[in-house]
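Data block below; observations after.
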Amino acid sequence: MIKSSILAGVAVAVMLCASSAMAQMPPPLPAEALVDRADPAKVEWLRANVVADGPVTGGLSFDFPAEFYQQKLILLGESHGVAAPQVLDLELLTLLNARAGLTDYLAEVDPVQGAMLNQYLETGDEAVLDRVFDYWSGSGAQWGNTAFEAKVRGIRALNLTLPAERRVRILGIDAIQDWPLFAQWIQEKGGTADAEMLVAAAADRANPEPLADMALAAVASLTTQTPETARLSGVLGDLRAKAGREATIFNTYSRAVTSGELGDRPAYGLWGLFHIMQSGVNGARSFAARVKASDLPAARAMSSIIVLSLESWVQIPAPTPQGVQRMRLNMLNIDGPYVMVQGAATLKAASEPGQITLFNPRAAGSPLAGGDFMNIQSSVQRFALDEPNAPIDSYVQYVGVFRGSDWAAPRE
C-alpha cells in the first residue's frame, strides 16, 4: 500500500484496528484536544484572500498571483482516498498548461507505471490503463480508485485538444511498485526480464542488492537507451544503495532536471501530504524539503499547496481475514474525532459546504500564527513538525479545504 501522506497513514492505522482481526478501535482524541473555535479576524482575512473556489465536483475559478505561474515546481498535497483532490488536480493541471505552458506532470508512480500511463495518453488503449490500475486495486493501494482513473482519462481528453508540443506527459519518479509490470515493459521493449525471479527477489526487503542488480541488467538488455531508461536506472541504483523512498524521489527528480530530460521546464503533480512539506516532519525530510535545501532551480521557485478535508468521506483499504475490504468512512476529517488540525474551525467558517477553497496565507496583513493549519494531532500516529511555530510558508505556500466530498470509490 502506498502510505504517502500522514493522514492516509492515520486512516490505515484506524482501519487496521477496526478490522475483525483486531479487538477494537483505537480511542479518539481526548475532548480537550478537540476544542477549536473559529477566529473571526482570521476568517475575514481568509475570505479576502481566496485564490481558488468552486464545487467539489469541478468547475473551479482561479485567482493566483502572477508569481504562481513562474514556479519551477508546484506540488499539490492531499490525503489519498477522497474524490475532490483528484478533481482539483486535473483543473490545476489544465490551468498551468494554459497559463504557463506546463507539460510535465510529476507523478507519485514509478517510471514504468508512468511510461504505461503515457502509452494510454497517446493511444487511448483501455487495456493499458487497466493493467496499471489493476496492480493498485489488487494490492489494496488507495490509488486503485475511479476518481484517479477518471483524472487520467481527463488528461487524455485535454491532450486531444492541444497541439503536440503542448500535450501533457507523465514522469514517474517514485520507487518501483509493480515488478511484474516492470518485467512486462522490458520484454515489450525487446529486453530480457524474468518476472518470477524479480518478484521472489523483491520479497527480501532487507537485501535489495540482488533485486537491483537483476533489474539493472534487464534495463541494460534493451538495445535502445533513452532518457526514460536512464531515469529508471537511477531509481534502481537508489534501490541498490538503500537510499530510502524520499531520497529516491528527490534523486530521480534531480537527475531529470540536470540531465535535461526535464531541464528548466516547470513541473507539477499531486502527492501525499508528507511529500510536499518543505520543512521536516517527525525528524524526516520529505521530497519537497530536499528540493528546498538543494541547489536546483526549484529550490527558489517552488509552491506547495495543501488541501484538507471537512465533512468528507475517504476510501480506506483494510486488511481482514477475508482479504482487503474497501471501507467508506467519514471519521477522518481534520476536525476530529481521530485527527485534529489547528485552525480547522476557522477553515470551516471561511469556506462553504460542497466547495473546494484555496487561500493565500502569505498575502499582506496576515493574522495567522505559526502552526495554523499545519499542526496535526492524531490518536493513532505521531505527526510532529520539526518547526512547530514556524510561519506557514516554511511548510507550504497555499492552504485549501474541501467540504462534502465523496470518497474516491474503488474500481472493483
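Where a number appears in this text, it was derived from the coordinates with a stated rule and is not lab data. Bear in mind that the values here come from a model prediction, so they are computed numbers and not experimental data. No Cβ is skipped: glycine too gets one built from the backbone with ideal geometry, and neighbour counts run over all protein chains shown.
Brief remarks on what is shown
- Most fluctuating residue given options R382, R362, R205, as computed from a GNM of the chain linking Cα atoms under 10 Å: R205
- Solution diffusion estimate, µm²/s, Stokes-Einstein, region 274-378, Kirkwood Rh from C-alpha pairs, 10 °C, viscosity 1.306 mPa s: 97
- Here the Karplus curve 6.51 cos²θ - 1.76 cosθ + 1.60, taken at θ = phi - 60°, turns the phi angles of region 54-61 into couplings of x, x, 5, 8, x, x, 7, 10 Hz, with x standing for Gly and Pro.
- The chain: calculated mean residue ellipticity at 222 nm from DSSP helix runs of at least 4, using -39500 (n - 2.57): -11500 deg cm²/dmol
- In this rough spin-label picture, where each label sits 7 Å from Cα along the Cβ direction, the R382-A200 distance is 3.9 nm.
- Exposure proxy order (Cβ contacts within 10 Å, fewest to most) of T320, T226: T226, T320
- The gain in end-to-end length when the D130 to A409 segment is fully stretched comes to 98.9 nm, 0.36 nm per residue minus the alpha carbon separation.
- Measuring r between the beta carbons of T320 and L29 and using R0 = 30 Å, the FRET efficiency lands at 0.75.
- Note on region 333-412: semi-axes of the ellipsoid equivalent to its C-alpha gyration tensor, largest first and rounded to whole Å, are 23, 18, 12.
- Evaluated over region 247-325, the Cα radius of gyration and Dmax, each in Å: 16.4, 50
- Sequentially through region 335-341, phi angles give Karplus couplings (6.51, -1.76, 1.60; θ = phi - 60°) of 10, x, x, 9, 10, 9, 9 Hz, Gly and Pro residues having no value and appearing as x.
- Relative to the longest principal axis of the Cα atoms of the chain, helix 209-220 runs at roughly 70 degrees.
- Modelled this way, with points 7 Å down the Cα-to-C-beta line, the labels at A241 and A369 are 4.3 nm from one another.
- Counting only alpha carbon atoms, the long axis of helix 111-123 and the longest principal axis of the chain meet at about 90°.
- With a cut-off of 14 Å between beta carbons, the residues surrounding T161 carry a summed charge of +3, where Lys and Arg count +1 and Asp and Glu -1.
- Annotation: extensible slack from T258 through A217 equals 12.4 nm (criterion: 0.36 nm per residue apart, minus Cα-Cα distance).
- The string of couplings for region 311-323 from the Karplus curve (6.51, -1.76, 1.60, θ = phi - 60°) is 6, 10, 10, 10, 8, 10, x, 10, x, 9, x, 8, x Hz, one whole number per residue in order, with x for Gly and Pro.
- In this structure, the amide hydrogen of A52, modeled 1.01 Å from its nitrogen in the peptide plane, lies closer than 5 angstrom to those of D63, L358, counting only residues at least 5 positions away or on a different chain.
- Members of K189/K292; K151/K348; K151/K242; K72/K348; K42/K151 lying beyond 29 Å, as alpha-carbon distances in this model show: K189/K292; K151/K242; K72/K348; K42/K151
- Dipole magnitude of region 121-199 about its Cα centre (Cβ charges: Lys, Arg +1; Asp, Glu -1), debye to nearest 20: 460
- A simple spin-label model places the labels of L162 and T192 4.0 nm from each other, with each point 7 Å out along Cα-to-Cβ.
- Cβ-Cβ FRET estimate between R47 and A301, R0 fixed at 25 Å, reported to 0.05: 0.30
- 0 to 90° range, to nearest 10: angle between helix 245-259 axis and the chain longest Cα axis: 70
- Residues whose amide H lies under 5 Å from that of S304, counting only those 5 or more places away or on a different chain, are L75, Q397, Y398; hydrogens are built 1.01 Å from N in the peptide plane.
- Electrostatic dipole magnitude of the chain [Cβ: Lys, Arg +1; Asp, Glu -1; Cα centre; debye, to 20]: 360
- Taking N as its residue count, the alpha carbon Rg of the chain over 2.2 N^0.38 Å: 0.96
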